[in-house]
1. For the list (1) crowded, with 19+ Cβ neighbours inside 10 Å; (2) aliphatic (A, V, I, L, M); (3) within 21 Å of residue A:119 (Cα to Cα), I need the number of the one condition that residue A:301 fails.
2. Please enumerate the residues belonging to region B:284-297 that are outside any helix (DSSP H, G or I) and either within 25 Å of residue B:23 (Cα to Cα) or in contact with a helix residue (DSSP H, G or I) (Cβ under 8 Å, 6 or more places away or on another chain) (or both).
3. Within region A:252-267, is there a residue that is within 14 Å of chain B (Cβ to nearest Cβ) and surrounded by 17 or more Cβ atoms within 10 Å (Cβ to Cβ)?
4. Considering only region B:270-318, state which residues are of a type in the set (Lys, Arg) and away from chain A (no Cβ under 14 Å).
5. For region B:43-62, give me each residue that is among the acidic types (Asp, Glu) and either outside any loop (DSSP other than H, G, I, E, B) or under 26 Å from the mean Cα position of the chain (by Cα) (or both).
6. Do we find a residue being within 14 Å of another protein chain (Cβ to nearest Cβ) and open to solvent by 20 Å² or more (accessible area, probe 1.4 Å) anywhere in region A:116-123?
7. When region B:67-82 is examined, which residues are found to be part of a loop (DSSP other than H, G, I, E, B) and either more than 7 Å from chain A (Cβ to nearest Cβ) or touching a Cys at 6+ places or on another chain (Cβ under 6 Å) (or both)?
2 protein chains.
Amino acid sequence: LQKLVEAEGWMFPIDLGSRGSCQVGGNAATNAGGCRVIKYGNTRASVLGLEAVLADGSVIGPPNKLVKNNSGYSLTQLLVGSEGTLGVITRLALKLVPLPAARHSLLLALAPATTPERGLDHVLRRCKFELGGALSAAEAMWPDFLAGAVAARPQVRSLPAGFANRLALLVELEGDRHEALARMAESFAEKLFEEGLIEEAVLPASERDAQSLWQLRECIPELQAGIRPYVGFDLGLDPAQYEAFVRRARERLARTLPQVRAYFFGHVGDGNLHAMIGPCRTPEEVREAELALYEQLTPLATCVTAEHGVGRKKKAYLGSSRSPADIEAMKAIKRALDPQGILNPGRIF
Amino acid sequence: LQKLVEAEGWMFPIDLGSRGSCQVGGNAATNAGGCRVIKYGNTRASVLGLEAVLADGSVIGPPNKLVKNNSGYSLTQLLVGSEGTLGVITRLALKLVPLPAARHSLLLALAPATTPERGLDHVLRRCKFELGGALSAAEAMWPDFLAGAVAARPQVRSLPAGFANRLALLVELEGDRHEALARMAESFAEKLFEEGLIEEAVLPASERDAQSLWQLRECIPELQAGIRPYVGFDLGLDPAQYEAFVRRARERLARTLPQVRAYFFGHVGDGNLHAMIGPCRTPEEVREAELALYEQLTPLATCVTAEHGVGRKKKAYLGSSRSPADIEAMKAIKRALDPQGILNPGRIF
C-alpha cells in the first residue's frame, strides 16, 4: 500500500517496525500505532470507513469514504481496535496524506536532568512547540539500547563519545525543502545545547546519513535475539514520568531478576514506552518482570497496551487500564454484537 | 477554552460558526466539524477520552489522557457523535495543537470548468497537494452566496469584478512566518492563473485584510434572515460532484419552488456542502426542497448529515446514508447500553 501510493505522491502514514509483514486489516483491528503517530495519529485517524462481517453474518458497510459523515454511531471507530472480537474487517477506506517532499532527522544526547523540569518531558514539549507541524517522530533510546544497537550493527555508524550513558532522542522532521529542515534542526539543537538541555547532537549531512540513525532505532531483532525468552512491554504513560519510572524499574530488576537485561525505548513523543526484558525462563520470572513495570503504573491513568492491543497476554491487566464501568460497557457491546462469543474468543476479556 | 489555551500558545482546533455559543460537550456529542477539519480532523480527532454517565447510572471513565491507549474498545470514539443517545458526557480530555504563528488566506474566483477535470475538485486537489500541511481550510461560496454576503456587509470589503458569477474558493494557510505564507499563496495563485484554472484572486495585504474575507464567509445570519423560514442542509459528498449537483438542484428548484432562493457554500475541502433554501412555508415546500437535494445523492456513498448529526430532522433519511446492517448494529448497541431508551429519546432512530 505504501509503495503504491508513494509512487503517486501520497502517503499512508502508519509506519511500523513490522512494515512489509503486517497487514492493513490487522493494523485497523489493532489500531496500530508506530513512529509517526505524533503527527498523523493512530490507525483510527487514517480509517474513514470499513466493511465487516458481524457474528450474525450480516455485513456492515460499505466503507464510508467521506471525511465528514455524522450519520449515526461510528461503527468504524468502534471496530478499529476491537481486535477482531466484534467483526471481521473485510474492506477499508483509508485516508492518505501528501507525501512530504523532504525528511530530516537528528539525534540528541540529553543532559542528565538537574531538575525534573529539565528532563525528557521538557525536551519533548520543546520539540512539539518549536518544531510544530514539522515534527513527525520523537523516539527515545535509553543508553543500554543505543549501545547495544551500535554494537549489533557496527557497519551502520558510530556515535560521538558524548552519547555514552545518555538518554538519546531521535527526532524526525518533515517538510517541503530539505535545506529548511536542516536549518530548523540545527538551530533547534543549538538552542537546546546553549540551554544545557543536551550534551551532544548528530545532525546528519544527508538523507542517507539520517537513515542510519533510524537503522539504530530499528535494531530490535538483534537486541531481542540476545535476551530470549524475553517479555515485551507496550506502556502508555505520561512522558514526565519516564525517567523515574525506568530508574525504579531497573532498581527493582537488579534486586529480583539480576540475570536479565532490560532495554527501554519507544515512541515517547506520543507517550508510548517500550521495554524488552529477558531472559525470563520461568512463569515466575515473566511475572516478576511484569510486576517490576506494571506495579509502578498509576491505575486508570496509564495503560499496559498503548499500541498493540490486549490480546491474550494483557487480559489479566485490563482492569489496571480501564475502570469496572468501562469493562462492563465493553462486555455489553460484545454481548449485543456477538452473543455467542464466536469472534476471536478469549481476547480482551 | 480557545481563549484560555491560546493565551499559552496552544490551540483547540475545532472552529465553528457557533464559536462563543456552542459548548464543548455538545461538540463531542455531535462530533462537530467546522472550517479546519481538513487539517485537524473532526472533534473526534481532538478527544482523547471522556467521562460519561450511562443509562444505568454507571459512570465510564476517567477520561483517557494518553495519545496511545489500546486497552479494549474505544467507548470514547463510540460516544463521540452519538448525540447523547448512549450516555451523557460529563468530562473530556482534549488534545491541543501548537497555535500557528501565522495565518494567511486567499480568495480565488474559479474559471468555468471547460472539462470536468478542471473544476472545483481539481483545484481542491491542487490545494491539498501543493499547499500540503499549510492548508488549514478550503471553503467554497457559490455566486449567489458571495454576492449576497458582499451586499449584506458592505462595510467589510468590495471584491474585484472578476468574482461576479464565479464560484469562489476561500483558502486558509497556517505556518511559522507570515511572509512565507504570503509568498506561497501568491505563487500558488499565479500558477492556477497561468493554467487558466482561476480568473481572479484576492491576495490580502494584511492579516486584517484576510479576516475580511472570512467575514464574508461568515455572513450566514444575514443571508438566513432574508429567506426565513429556510431549510438548512449539511451534505457529505465527493467534491468531484459538487458543480453538477448544484446545477441540477437549481434546475429542479426553478421548476418546483420558483419562489425560493438557494445559497450554496461549505467546507468543500473536506467534502461538506452546505445549502440554505427558503422561504419554504409549508411542509410540502420543505419536503420539495429536501427532495431537490437528497434525491440526487448516491445512497450509501454520500450523507445527509456531514457535521451536525441526525437529531430529529434527518431521522427519515438515515437509511440513505447507512445500510440496513449498519442501522441494525447501531440499534443493538443502543439496546445494550440503554435498554429502556431513556437517553435523548427520539434522536437518530
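The values are calculated or read from the model by the stated rules, or taken from the named source; none is laboratory data. Everything quoted here is computed from the prediction, not taken from an experiment. Positions of Cβ are backbone-derived with ideal geometry, glycine not excepted, and every protein chain shown enters the neighbour counts. Ligands, DNA and RNA are stripped out before the accessible areas are found, and what is left, the full protein with its side chains, is counted by its heavy atoms. Shrake-Rupley method; radii C 1.70, N 1.55, O 1.52, S 1.80 Å.
1. Looking at each condition in turn, residue A:301 falls short on (1).
2. Selection gives B:296, B:297.
3. Yes, because at least one residue in region A:252-267 is within 14 Å of chain B (Cβ to nearest Cβ) and surrounded by 17 or more Cβ atoms within 10 Å (Cβ to Cβ).
4. B:281, B:287
5. B:51
6. Checking region A:116-123: at least one residue is within 14 Å of another protein chain (Cβ to nearest Cβ) and open to solvent by 20 Å² or more (accessible area, probe 1.4 Å).
7. B:69, B:71, B:80
Condition check ((1) open to solvent by 10 Å² or more (accessible area, probe 1.4 Å); (2) touching a residue at least 12 places away in the same chain (Cβ under 8 Å); (3) within 14 Å of chain A (Cβ to nearest Cβ)) across all residues:
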{"residue": "B:166", "(1), (2), (3)": "yes, yes, no"}
{"residue": "B:183", "(1), (2), (3)": "yes, no, yes"}
{"residue": "B:187", "(1), (2), (3)": "yes, no, yes"}
{"residue": "B:210", "(1), (2), (3)": "no, yes, no"}
{"residue": "B:215", "(1), (2), (3)": "yes, yes, no"}
{"residue": "B:218", "(1), (2), (3)": "yes, yes, no"}
{"residue": "B:222", "(1), (2), (3)": "yes, yes, no"}
{"residue": "B:229", "(1), (2), (3)": "yes, yes, no"}
{"residue": "B:234", "(1), (2), (3)": "no, yes, yes"}
